[in-house]
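What follows is one structure encoded as structure tokens, with my remarks underneath.
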Amino acid sequence: NGRPTGSSGNPFLAPMTATAYDLTLEDYWGTSNMAFVGVFKKDIKGYQASGIEAMNFGGVVYDIGTSVNLGKGTVKGIEAGVTQFFDFLPDPFKGFGVQANYTYVNSEVELKPGSLIPLPKLSKNSYNLIALYEKGPLQARLAYNWRSAYLDQVNGSGVFGANQYAAPYSSLDASVSYQINKIFTLSADAVNLKNSMYHTYVERPSGGLLWQLNDRRYSVSLKASF
């Protein structure tokens, strides 16, 4: 519409409220094994997101990027997970284990009366797969995390009036630690072993906005507890 633009905070935001309903079934066996499945529903009001407000300054109307309260919304879904150590195997293999979890979320919130959008920052599908080893002073972990595309921002940073989305993202991380004695523990960590790229876009995947690579990162530390 050709209006000048600007940005501002919003001291008039109302608090976000939620009424949550959860039902979870859990089972435990052995010394460290468990499984769970759950369903949930949350009725929310006043979710805070980025938005555009027309504001008059000195007789000139500006489109101001600010934080706004969205209307009523719901979040519902299911989640399930399992942790299993192979403690029935002979040493040293009984220290191996696996952990997996999955979450499905369906959400909607009023952007304006009659217009529904997914709740920002929530992927519809996500899961984690983790290989574990815990035996004596040695602990190791290899974790793969994945999440589907999601609405990143309402009225994102690319074009005023256009929603900003994040593409599906996955990462592979690893860590290992060895407790030398009661005081010292030596640890090594590796983050983003796949060198995954974070990608956001406007309205459709071909409308690229940002590609961000955080690189593989490695660290070694020696911790002391007194």
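Quick notes
- Local net charge near VAL75, Cβ-Cβ under 13 Å (Lys/Arg +1, Asp/Glu -1): +3
- Test item: Cα-centred dipole of the chain, Lys/Arg +1 and Asp/Glu -1 on Cβ, debye: 220
- Taking the square roots of five times each eigenvalue of the Cα gyration tensor of the stretch 1-107, the equivalent ellipsoid has semi-axes of 50, 17, 10 Å, listed largest first.
- For the cross-link pairs LYS94/LYS223; LYS94/LYS194; LYS42/LYS112; LYS41/LYS121; LYS135/LYS194, the ones whose C-alpha atoms lie over 22 Å apart are LYS94/LYS223; LYS94/LYS194; LYS135/LYS194.
- Taking the inverse of the mean 1/r over every pair of distinct Cα atoms in the chain gives a Kirkwood hydrodynamic radius of 21.3 Å.
- Which of LEU186, LEU13 is most accessible, then next, and so on - probe 1.4 Å: LEU186, LEU13
- Choice from ILE117, ILE44, ILE183 showing the highest fluctuation, given a GNM over the chain with Cα pairs closer than 10 Å: ILE183
- Counting only protein heavy atoms and a 1.4 Å probe, the chain has 61 square angstrom of accessible area per residue.
- Accessible area ranking (1.4 Å probe, heavy atoms, ligands and nucleic acids excluded), largest first, for SER196, SER206, SER32: SER206, SER32, SER196.
- Distance in nm between pseudo-label sites at LEU186 and LYS135 (7 Å out along the Cβ direction from Cα): 1.9
- Selection from SER206, ASN33, GLY77 lying farthest towards where the dipole of the chain points positive, charges on Cβ: SER206
- The chain: relative contact order as a whole-number percent, Cα under 8 Å and 6+ apart: 12
- The calculated FRET efficiency for GLN48 paired with PHE226, based on their beta-carbon distance and R0 = 41 Å, is about 0.45.
- LEU129, LEU25, reordered so the largest accessible area comes first (probe 1.4 Å): LEU25, LEU129
The values are calculated or read from the model by the stated rules, or taken from the named source; none is laboratory data. Here the structure is a predicted model, which is why all the values come from computation and not from measurement. All Cβ positions, even for glycine, are placed from backbone atoms using ideal geometry, and neighbour counts span all protein chains on display. Side chains included, ligands, DNA and RNA excluded: accessible areas come from the protein's heavy atoms. Shrake-Rupley method; radii C 1.70, N 1.55, O 1.52, S 1.80 Å.
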